[in-house]
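J.: One structure, as C-alpha cells, below. Some questions next.
The values are calculated or read from the model by the stated rules, or taken from the named source; none is laboratory data. Owing to the predicted nature of the structure, the values given are computational and were not obtained by experimental measurement. With ideal geometry, Cβ positions are generated from the backbone for all residues, glycine too; neighbour counts draw on all protein chains shown. Note: accessible area is taken over every heavy atom of the protein model, side chains too, but ligands, DNA and RNA are not part of it. Shrake-Rupley method; radii C 1.70, N 1.55, O 1.52, S 1.80 Å.
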Amino acid sequence: MRRGLAAVALAAALALAGCAGVGDDATSAPTTDATTTEPAGTTEPGPTDAPTRDATTGATTAEPPSTTTTSSTRDDPRGVGETASRVAVRGGSLPVNATRVYERVETVMRTNATAPASIRVTNATAFYGNASGTTTGSASGHARLERALGLAQELERSRLAGPNGATVGYGTVAIYPGANATRPSTGALLAHELAHYVQFRQGREAALAGNLTRPRTTDAAFARRAVLEGVAVAVETAYVRRHHPGAETGIERSERALDSLARGSAFRYGQLAYVAGYEYVVERAHDSPRVDDPASATNVYADPPQTSEQVLHATRDRPVPLDVTVDAGDAGYRGGVADRLGEAFLRTALANAPNDADAPNASVAAAGWGEDALVVLRRNDTTSNAWVLRFDTTRDATQARDALAAVLDARGDRITDDASPRWRLPNATAALHHPANRTVVLAVGTPEFVAALAVDAAPGTVTMGIDDANATTNRTVGMDATTGRTVGMDATTTWTVGVRDAKPRPTTTRDRHLSWEASSVRTWHTSTSSVRAS
C-alpha cells in the first residue's frame with residue numbers, strides 16, 4: 001500500500017495489500033496463480049550480500065540472502081529481535097535475509113511475536129493480473145457523487161505494476177520485489193509488510209476496528225487505514241534509517257507517491273492515509289509519556305482517531321452536533337442516511353477546483369469540517385444524493401460552499417445562478433443549498449430529483465421537499481435513520497434532514513449527537529476502494 005498502484009480489492013477483514021502502492025485504495029491479497037512457483041524443499045540462493053554495518057549495534061555483519069527453508073509456527077520463546085526459526089521464502093529468492101529483516105522489525109517495534117511461516121515471492125503478472133488499459137479508483141463506493149466531484153479519475157494500469165506487497169490476516173506475507181530489486185528497496189518493502197504481519201499476529205487490527213465508534217463509514221475506514229499504514233510507514237522509515245542509511249525512507253517514498261498522483265482523485269485520497277497516518281502516529285508518540293518512537297506505538301489501536309479530521313490535524317476534536325432524520329415520501333424514493341464521508345474526502349474533492357478559482361485552497365476550505373451525513377435516495381434503479389455538511393463556523397461553511405461551487409463550475413455548466421445554483425454535469429445535475437449559517441447541502445442526481453428538491457431552513461432543521469407530479473399515494477418502504485431498520489411509512493411528499501444548529505454538545509453518551517447509523521441502504525461497488533467493513 002505504498003509504492004505501486006494495485007487494481008484489485010477483496011475482503012478487507014483478511015488482508016492489507018497493495019502496500020507498496022502509490023495511492024492504491026485496494027486492500028486485498030494477491031491471488032495464488034499458476035505462474036507463481038513454489039518449489040517445496042528446494043533451495044534457491046540469491047546473490048551474496050556484502051558485509052553491512054548494523055546501525056543499532058555498530059557491528060559489521062554479512063547478511064546472506066533468504067532461501068527457501070522450513071519454519072516453526074510455535075510461540076517464540078526468545079526475546080525481542082530474536083526468532084527461534086528461520087523464515088521460509090517460497091517461489092523465488094530475495095536479496096535480503098528475511099529472518100534478519102523480521103528480527104530487526106521486532107526490534108524497531110519493541111515487540112516479540114512468532115515469526116511468519118513463510119514469505120511468498122511473486123511476480124507482476126501474478127500480483128496484478130492484466131496491466132493494460134486504464135482503471136478508475138473509488139474513495140467511497142458512491143459512484144455518482146464521486147463522478148460529479150471529479151474523484152473518479154482514470155489511471156493507466158501500467159502505473160500499478162511496481163514493487164508491492166500483501167499481508168494476509170492468517171499469516172502469509174507475499175511480496176513482488178520488482179525487476180530491479182535492491183537490498184534497501186526490498187528490505188524496506190518487507191519491513192512494511194512484516195509490520196502488518198505483527199499487527200495481525202497481535203490482534204492490533206481487530207482491536208482497532210473494535211474501538212472505532214462508527215466503523216461502517218467511509219470516514220472511519222480512512223481513519224482505520226491511516227493508523228495501520230501510519231504505523232507500518234513508521235516501521236519502514238525507522239528500519240531504513242537504522243540499516244540502510246541514505247536510502248529513501250518509508251515516509252519519503254509515501255510523500256513522493258502522493259505527489260505523483262492527480263489531485264482530487266480517489267487514488268490520491270487512498271495515498272493520503274499513508275502520509276497523514278504517519279504524521280498522526282508521530283504526533284501521538286510525542287504526546288505519550290510511555291512511547292517515544294511511533295514505530296512502537298500501541299496506544300493508537302486502543303484509542304484511535306474516530307474521524308479523518310482527527311487524523312489530518314492530530315486533534316481530539318469530536319464532530320459537531322448534527323442530527324439527521326429521513327422520512328420517505330410518496331414520490332417513489334427509497335433510502336436514508338448511508339454514510340459519513342469526512343474531511344479527507346471533502347479535501348480531496350475540493351482539490352478539483354481550478355487554481356485560479358475565487359475560492360480558498362482545498363486544505364483551507366475543508367479544514368472547518370465539523371460533521372456530515374450522506375443521504376442516498378433511489379428510484380427506478382437510479383441513485384440520487386444529498387450530502388449534508390455542517391461546519392465549525394459560518395465562515396467555514398461559506399468557504400466550503402464557494403469551493404464546492406468552483407469544483408462544479410469546472411465540472412459542468414451552471415444553469416441557474418440564484419441562492420441555490422444548479423449545474424448540468426456529464427453524469428448528473430447538481431445544486432448547492434446553504435439553508436443555515438453553518439450548513440451546506442449538495443444535491444447530486446437526476447434532473448427531476450434536483451429540480452423537485454426544495455430546501456428550506458427552519459429553526460434547528462433543514463427540510464427537503466420533493467414536489468413530484470408523478471407521486472402516488474401508495475404506502476412506501478423507507479429506512480428508519482435511528483435504528484437502521486427497514487420500515488413501512490405513510491405517504492408524504494417530504495424528505496426531512498434535521499440539523500440542530502443550536503443543540504449543545506452532549507457530554508454523556510459518546511456520539512449521541514449523531515442519530516443515524518450506517519444501514520443496509522449503503523452498498524459498495526468497489527474496484528480500487530478503501531479498507532472497509534461491508
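J.: Considering each residue of segment 158-173, count those that are at negative phi and open to solvent by 10 Å² or more (accessible area, probe 1.4 Å), and give that number.
T.: Residues flagged as at negative phi and open to solvent by 10 Å² or more (accessible area, probe 1.4 Å) within segment 158-173 amount to 9.
J.: Select from segment 238-273 the residues that are open to solvent by less than 10 Å² (accessible area, probe 1.4 Å) and among the polar types (S, T, N, Q) and list them in ascending order.
T.: Of everything in segment 238-273, those that are open to solvent by less than 10 Å² (accessible area, probe 1.4 Å) and among the polar types (S, T, N, Q) turn out to be Thr249, Ser254, Ser265, Gln271.
J.: Sticking with this one: Can you tell which of Ala117, Ala98 is at pLDDT below 90 and either out of contact with any Cys (no Cβ under 8 Å at 6 or more places or on another chain) or open to solvent by 20 Å² or more (accessible area, probe 1.4 Å) (or both)?
T.: Ala117
J.: Let me spell it out: the conditions are (1) modelled with pLDDT of 95 or more; (2) buried (at least 19 other Cβ atoms within 10 Å of the Cβ); (3) not small (Gly, Ala, Ser), and Thr182 meets all of them except one. Which number is the exception?
T.: Here Thr182 meets the rest and fails (2).
J.: Right, next: Determine, yes or no, whether Val337 is at pLDDT below 95 and more than 25 Å from Glu283 (Cβ to Cβ).
T.: yes
J.: Select from segment 202-238 the residues that are closer than 24 Å to Gly187 by Cβ and of a type in the set (Lys, Arg) and write down the one among them that is modelled with the lowest pLDDT.
T.: Here the answer is Arg204.
J.: Something else now. State whether the residues of segment 433-440 include one that is more than 26 Å from the chain's Cα centre (by Cα), crowded, with 21+ Cβ neighbours inside 10 Å and assigned to a loop (DSSP other than H, G, I, E, B).
T.: yes
J.: Could I ask something else about it? Identify, from the list Glu283, Glu205, Glu229, the residue that is more than 21 Å from Gly137 (Cα to Cα), in contact with a Gly (Cβ under 8 Å, 6 or more places away or on another chain) and either assigned to a helix (DSSP H, G or I) or in contact (Cβ under 8 Å) with a residue 24 or more places away in the chain (or both).
T.: Glu205
J.: Now for a different question. In the set Glu156, Glu193, Glu205, Glu229, which member is touching a Phe, Trp or Tyr at 6+ places or on another chain (Cβ under 6 Å) and of a type in the set (Asp, Glu)?
T.: Glu229
J.: Within segment 300-321, identify whether any single residue is open to solvent by 30 Å² or more (accessible area, probe 1.4 Å), within 17 Å of Val108 (Cβ to Cβ) and touching a residue at least 60 places away in the same chain (Cβ under 8 Å), and answer yes or no.
T.: no
J.: Which residue out of Ala410, Ala344, Ala405, Ala400 is farther than 16 Å from Asp219 by Cα, at pLDDT 95 or above and open to solvent by less than 10 Å² (accessible area, probe 1.4 Å)?
T.: Ala400
J.: Can I ask one more? Take Ala188 and tell me if it is crowded, with 24+ Cβ neighbours inside 10 Å, among the hydrophobic types (A, V, I, L, M, F, W, C) and not in a loop (DSSP other than H, G, I, E, B).
T.: Taking the combined requirement at face value, the residue satisfies it.
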